[in-house]
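Working notes, beginning with the structure itself.
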Amino acid sequence: PAGMFLRLLSDVRWRAANPKWRGATCSCRSTSNTAEPHPVALPAQAQVVICGGGIMGTSVAYHLSKMGWKDIVLLEQGRLAAGTTRFCAGIVSMARPVSIELKMADYSNKLYQQLEQETGVNTGYMKTGSISLAQTQDRLISLKRIASSLKVMGIPCEIITPKQVAQLHPLINIHDLVGAMYVPEDALVSSANVSLALATAASRNGVQIHERTSVSHVSVQKGRVAAVETDRGQIQCQYFVNCAGQWAYELGHSVEEPVNIPLHACEHFYLLTHPLKEPLASNLPTVVDPDGRIYIRNWQGGILSGGFEKNPKPLFTEGRNQLEIHNLQEDWDHFEPLLSALLRRMPELEALQIMQLVNCPESFTPDMRCIMGESPAVRGYFVLAGMNSAGISYGGGAGKYLAEWMVNGYPTENVWPLDLKRFGSLQSSRTFLRHRVMEVMPLMCDLKVPRWDFQTGRQLRTSPLYDRLDAQGARWMEKHGFERVKYFVPPGKDLLDLDQSKTFYKPDWFDIVGSEVKCCKEAVCVIDMSSFTKFEIS
């Protein structure tokens with residue numbers, strides 16, 4: 001395996017150094033940006049204007065039209081599905097730690113399964129199942145927790161042994177595994193085609209779709225959406241839906257009352273290979289190796305493999321960027337740790353011939369959960385964006401819940417964990433977002449243990465007692481940007497490093513908190529309540 005790894009790396013470095021090859025791969029996915037004539041004039045007014053023709057915008061349009069709203073206009077600044085949706089890896093996974101996200105993914109899977117029959121558009125839907133691998137007991141507990149949530153939802157799922165992993169996927173190296181989770185209902189799709197299928201169905205239901213149309217401004221009157229200004233004229237409307245993906249942040253600020261949508265793009269890499277000598281079966285399960293930070297799926301008889309590196313690269317931190325997303329600059333050195341993890345997990349890939357390293361933007365949010373709902377500042381201004389690399393898994397369900405929210409005033413599920421209102425202006429600064437997404441992207445693969453806190457964007461709001469409490473050994477958590485004491489470390493006691501303290505077993509702070517609780521119950525304690533909201537009632 002070591003020799004094979006070196007051969008592959010030398011191949012990679014040759015490709016990175018060879019300008020001819022780089023030029024060929026960069027142009028492989030780029031599209032023409034030449035302007036086309038607009039055959040149909042924009043309507044002067046509509047009930048709803050949706051901005052963004054990716055998976056989110058087309059899903060919202062599809063579900064609104066299904067619920068009986070017909071006076072809808074969808075605007076796309078480039079072409080439909082030409083943004084992040086076009087480069088999406090196409091993995092529909094229901095293995096989600098947050099229950100509302102799990103429900104969205106489950107609905108999406110069921111929707112995509114019947115979409116081709118409904119629309120006649122080939123969505124490439126293939127039920128392959130997925131295997132999530134565990135290299136440690138803590139990871140296995142994490143998978144068991146997710147498996148229990150799936151079972152409550154009635155989604156087939158089982159915890160399996162390394163030997164069973166080898167039976168399901170013969171290329172996987174199982175020597176360092178302690179177990180895995182198998183979800184047979186997970187699937188693969190062509191994400192751009194799913195978006196086009198949703199748009200086709202919406203169009204048949206009366207939705208007007210206009211490509212090559214940019215939104216420049218959203219007008220507000222008396223605290224409510226009144227009109228949308230575009231490069232082709234104004235549309236008066238009652239509702240505006242911001243599904244602009246990585247452009248949602250800037251679009252939110254093109255309103256008299258800015259709508260804060262805290263998300264930030266990072267570069268996301270995945271590798272495409274030519275078919276193997278014995279092409280992989282199209283129904284081979286997708287593999288997720290969170291301890292190796294990678295995912296691996298079949299792609300036209302070869303491999304598509306990407307991941308979430310520890311040192312992500314934020315993107316487009318200043319100003320507006322291009323209308324459509326092209327394959328960004330390759331960075332083989334940056335991808336090398338993920339490539340190493342791929343080869344450790346599938347050592348038999350010595351016949352691997354690399355076709356392309358794809359680099360595309362993905363939007364991430366400050367807490368790893370997507371953003372949905374109505375703006376607290378502007379009535380009738382709805383948002384659906386910031387999918388944290390799970391847009392195709394959430395697309396169907398997220399569009400359904402937002403459409404229900406708009407039509408009925410509330411969705412059929414509790415979407416509070418995803419509500420835009422959970423963020424304030426503190427989380428919307430570019431500097432905060434740039435630092436936070438560099439922490440969030442690696443966390444996509446980290447253990448989701450209880451009582452864990454973000455390390456970036458801290459000390460934004462502190463109590464007057466902060467320095468005194470800190471000197472007394474305080475360990476801090478953060479609520480809506482406000483620092484709050486978790487517990488005090490007694491003199492002479494050392495706690496583990498942050499990464500080492502991530503466990504589902506008894507944490508090292510357990511006895512400290514236990515003694516503080518005992519003191520509260522049996523003696524007297526003083527607690528700094530500065531970080532709690534106060535209501536003045538008169």
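The values are calculated or read from the model by the stated rules, or taken from the named source; none is laboratory data. Predicted model only: the values in this text are computed from it and were never measured. Quick reminder, even Gly has a Cβ in these numbers, built from the backbone with ideal geometry, and neighbours come from all protein chains shown. Ligands, DNA and RNA are excluded from the accessible area calculation, which covers all protein heavy atoms including side chains. Shrake-Rupley method; radii C 1.70, N 1.55, O 1.52, S 1.80 Å.
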FRET efficiency, 1/(1 + (r/R0)^6) with R0 25 Å, evaluated for residue 66 and residue 127 via beta carbons: 0.60
Could you name the lysines whose alpha carbon sits less than 29 Å from that of residue 277, not counting residues in the same chain fewer than 8 places away? 20, 127, 163
If each Cα of segment 190-281 is one equal point scatterer, what is log10 of I(q)/I(0) from the Debye formula at q = 0.20, 0.24 Å⁻¹? -1.13, -1.29
Taking Rg/Rh (Cα atoms, Kirkwood Rh) straight from the coordinates, which label in [x] 0.95; [y] 1.12; [z] 0.98 is the correct one? [z]
Accessible area of the chain belonging to carbon and sulfur atoms, whole % at 1.4 Å probe: 53
With r as the distance between the Cβ atoms of residue 41 and residue 537 and R0 = 45 Å, compute the FRET efficiency 1/(1 + (r/R0)^6) and round to 0.05. 0.25
Give me the lysines in straight-line cross-link reach of residue 534: C-alpha distance below 16 Å, same-chain residues under 8 apart excluded. 479
Got a sec to turn the phi values of segment 365-379 into Karplus ³J(HN,Hα) couplings, 6.51 cos²θ - 1.76 cosθ + 1.60 with θ = phi - 60°, whole Hz, x for Gly and Pro? 10, x, 10, 6, 10, 5, 10, 8, x, 8, 5, x, 8, 10, 5
Using the Cα centre of segment 451-537 as origin and beta-carbon charges of +1 (Lys, Arg) and -1 (Asp, Glu), tell me which of 535, 492, 476 is placed farthest towards the positive end of the dipole. 535
HN-Hα J couplings of segment 256-263 from phi, Karplus 6.51/-1.76/1.60, θ = phi - 60°, integer Hz, Gly and Pro as x? 4, 9, x, 9, 7, 10, x, 9
Once you charge only the Cβ atoms, +1 for Lys and Arg and -1 for Asp and Glu, what is the size of the charge dipole of segment 45-426 about its Cα centre, to the nearest 20 debye? 820
Here FRET efficiency (C-beta to C-beta, residue 443 to residue 527, R₀ 41 Å, nearest 0.05) is 0.90
Selection from 164, 89, 464 lying farthest towards where the dipole of the chain points positive, charges on Cβ: 164
For residue 400, counting only aspartates and glutamates whose alpha-carbon sits under 14 Å away and dropping same-chain residues fewer than eight positions off, the answer is 101, 106, 413
Distant-in-sequence amide H partners of residue 509 (H built 1.01 Å from N, under 5 Å): none
Solvent-accessible area per residue, Å², over the chain with all protein chains present [probe radius 1.4 Å]: 44
In nm, the gap between the two label points placed 7 Å beyond Cα toward Cβ at residue 217 and residue 515 is 6.3
Determine the gain in length on full extension of the stretch residue 153-residue 472; use 0.36 nm per residue of separation and subtract their C-alpha separation, reporting nm with one decimal. 110.2 nm
Rounded if a/c is under 1.5, else prolate if a/b is larger than b/c, else oblate: which is segment 451-537, with a ≥ b ≥ c the root eigenvalues of its Cα gyration tensor? oblate
Among residues other than residue 378 whose Cβ falls under 10 Å from its Cβ, what is the net charge (Lys/Arg +1, Asp/Glu -1)? -1
Taking placed amide H atoms and a strict 5 Å upper bound, the residues 5 or more places from residue 81 or on another chain that come that close are 53, 54
Dipole of the chain, positive end: most advanced residue of 407, 208, 218 [Cβ charges, Cα centre]: 407
Helical contribution to [θ] at 222 nm, DSSP H n ≥ 4, -39,500 (n - 2.57), averaged over the chain, rounded to 500: -10000 deg cm²/dmol
